[in-house]
Amino acid sequence: MKPFLKQAFVVSGAALNIAGHGCAHGYPAVLFAQINRDGGPVKLTDHDTSWIASVVGAMGIVGNFISPVLMTKFGRQRAHLISTLPALLGWIVFIFGNSVPLFIVARLLHGLALGLRTPLAAILVAEYTDPKYRGAFLGTFAISLGLGIFLSHLWGAHLTWKMTAAVCALFPLIAMAIISFSPESPSWLVSKKKYEDARKAFKWVRGTGPEEQEELRAMIDAQELDTAEERRDRVETHACNNMFKKVFEAISDILKILKRKEFYKPAIIAISMLIVFEFGGAHMFAAYGNIILQVVLDKDDPTDVAWQFTVIDLLRTVCAFLAIFLLKSFKRRTILFTSGVMTVFSMSAISVFIYLRRSGIFTAPWLLDVVPMSLMIMYTLSFCLGLAALNWVICGEVFPLAYRSLGSTFSTSFLTPSFVVSMKTAPHLYASIGVEGAYLVYSAILTVFLSIMYVMLPETKDRTLQDIEDTFKGKNRKKKNDPEAQMKLIVKENAVLVD
């Protein structure tokens, strides 16, 4: 089997997990609609629905902090396998549950799975795949997320909510089978100094070409250098501070890591990307799409926007697929900021149109029918062709190997509170300042964090993870191996000596 196919096999396990994650985000719309329409076993209040929709993030925070422990202690492969268990259990609770407390328990289990999976998935794909395929593979996460949301809504339109949960449970089940046959991450094996096992795993998943061997050697050399520096720092710390307890030493070590530019710069970038992803509408539209479309299209009943909701769901999935080709053909920064500007513009345009329509400026029937749906399509295209796909790519590429688990956990710990805040406050914002006002607030948030990334994010397309790490450290590997650059450096040093 060719390395590309082996990498695709490994990625498919993560992609199926993400598809299950998409099903979990789309499922509340199915659950709420069927219970409110058919009566169901319980009566849901607005308070119940807001908690069922948003409680995923609460347990996600716990999963964020458990995930690095599992990744570091047991490896990426076993940690990935463990992350599928709460997702499967959550669907089982939905199948047999008939009360609000059980619905919340099921969502908490899905939140735990999300928290375990979010720091892990991007790291796993980044460490297993070739740099020239990495963007495309990471881009499949957006496809999987959109496909999961679309399928949950599609199944929910034809099946009961319990049967929909049963079908959604197939995603973690199949993922478990694929993950069981996947090898351990070569990067994790290098971090544990299991160099021979790392070489075997790297050969299986990446092949034995000269570029691949050079990447493996660079990774091992960097690990040995970091180990030597850590050993020296540890000796100096113990020699000078024997009186301090281990807890203070641990805090000191963490503070030192936080001050290192190869850690805090990627962390700020990843946090900014995750907040843009969340407030750009990645999860809010899946749960509250009916409400949003009713306001934008000026409809009174959820059934009046059913086909439009299906079109947007399908468009999100198609855009995620097309984004893979964009990631392969264009630079990350080009896609990110083009998509970001267009998303902010389209959300602002939707808000302005609603304000103008309510003020009576727009009255022509064709204008009221065509423009709002066109703006929603433009918003979906802008967000899903860039920001939605790049969330996984950027977060998977920027962290150095030594801090990858800690960095991903630190950054994704901001995603779950953002998820809770966005999902819990959305109904209240819609009721107080309207969907149009909420979209202006979200546009402002996106503008702030896109500006931060514009200043800090380097180009990462087709670069090895070690090369990206060296950029944050201020090193330049190309110049190091460039004879012309070395000659210029020698001339400069000689000039200094003459002076």
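Would you call residue 149 more than 22 Å from residue 461 (Cβ to Cβ), at pLDDT 85 or above, open to solvent by 20 Å² or more (accessible area, probe 1.4 Å) and in contact with a Ser or Thr (Cβ under 9 Å, 6 or more places away or on another chain)?
The answer is no for residue 149.
Residues are listed down the side, and each one gets a yes or a no for (1) over 23 Å from residue 61 (Cβ atoms); (2) of a type in the set (Ser, Thr, Tyr); (3) within 19 Å of the chain's Cα centre (by Cα):
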position: 403; (1), (2), (3): no, yes, yes
position: 416; (1), (2), (3): no, yes, yes
position: 421; (1), (2), (3): no, no, yes
position: 443; (1), (2), (3): yes, yes, no
position: 460; (1), (2), (3): yes, yes, yes
position: 464; (1), (2), (3): yes, yes, no
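Consider segment 296-313 and keep the residues that are among the aliphatic types (A, V, I, L, M) and crowded, with 19+ Cβ neighbours inside 10 Å. The one that is farthest from residue 147 (Cα to Cα) is 296. Restricting to segment 94-134, and then to whatever is open to solvent by 30 Å² or more (accessible area, probe 1.4 Å) and within 28 Å of residue 202 (Cα to Cα), can you tell me which residue is farthest from the chain's Cα centre (by Cα)? Selected residue: 132. Screening segment 363-480 for helices (runs of 4 or more DSSP H) wholly inside it with 3 or more residues that are without any contact (Cβ under 8 Å) to a residue 60 or more places away in the chain returns the ranges 365-382, 415-432, 434-456, 465-473, 477-480. The C-beta contact set for segment 20-47 (first residue closer than 16 Å to residue 157 by Cα, second residue open to solvent by 20 Å² or more (accessible area, probe 1.4 Å) and small (Gly, Ala, Ser), distance under 7 angstrom, 6+ apart or interchain) comprises 34/40.
What number of residues in segment 175-194 are surrounded by 17 or more Cβ atoms within 10 Å (Cβ to Cβ) and either in contact with a His (Cβ under 9 Å, 6 or more places away or on another chain) or of a type outside the set (D, E, K, R) (or both)?
13
The combined condition, being in a helix (DSSP H, G or I), without any contact (Cβ under 8 Å) to a residue 24 or more places away in the chain and out of contact with any Ser or Thr (no Cβ under 7 Å at 6 or more places or on another chain), is fulfilled by residue 303.
Contact annotation: residue pairs with Cβ atoms under 8 Å, 6 or more positions apart or on different chains, pairing a residue in segment 195-219 that is touching a residue at least 12 places away in the same chain (Cβ under 8 Å) and more than 16 Å from residue 10 (Cβ to Cβ) with a partner that is open to solvent by 90 Å² or more (accessible area, probe 1.4 Å) and outside any loop (DSSP other than H, G, I, E, B), are 216/199.
Within segment 402-435, the set of residues being at pLDDT 85 or above, crowded, with 21+ Cβ neighbours inside 10 Å and not aliphatic (A, V, I, L, M) comprises just one member, 422. Among the conditions (1) closer than 14 Å to residue 27 by Cβ; (2) open to solvent by 10 Å² or more (accessible area, probe 1.4 Å); (3) among the hydrophobic types (A, V, I, L, M, F, W, C), the only one that residue 91 does not satisfy is (2). In segment 124-139, the residues that are more than 18 Å from residue 321 (Cβ to Cβ) form Cβ pairs under 6 Å with partners that are open to solvent by 10 Å² or more (accessible area, probe 1.4 Å) and not in a helix (DSSP H, G or I), at six or more places apart or across chains, as follows: 131/462; 131/464; 132/462. Can you pull out the residues in segment 349-367 that are of a type outside the set (Ser, Thr, Tyr), open to solvent by less than 50 Å² (accessible area, probe 1.4 Å) and modelled with pLDDT of 85 or more? Matches in segment 349-367: 349, 350, 353, 354, 357, 360. Of everything in segment 319-348 that is open to solvent by less than 60 Å² (accessible area, probe 1.4 Å), among the aliphatic types (A, V, I, L, M) and modelled with pLDDT of 95 or more, the residue that is farthest from the chain's Cα centre (by Cα) is 347. Tallying residues that are of a type in the set (S, T, N, Q) and open to solvent by less than 10 Å² (accessible area, probe 1.4 Å) within segment 14-49 yields 1.
The values are calculated or read from the model by the stated rules, or taken from the named source; none is laboratory data. Model, not experiment: these values are computed from the prediction. Note that each Cβ is placed from the backbone with ideal geometry, even for glycine, and that neighbours are counted across all protein chains shown. SASA here: full protein model, heavy atoms, side chains in, ligands and nucleic acids out. Shrake-Rupley method; radii C 1.70, N 1.55, O 1.52, S 1.80 Å.
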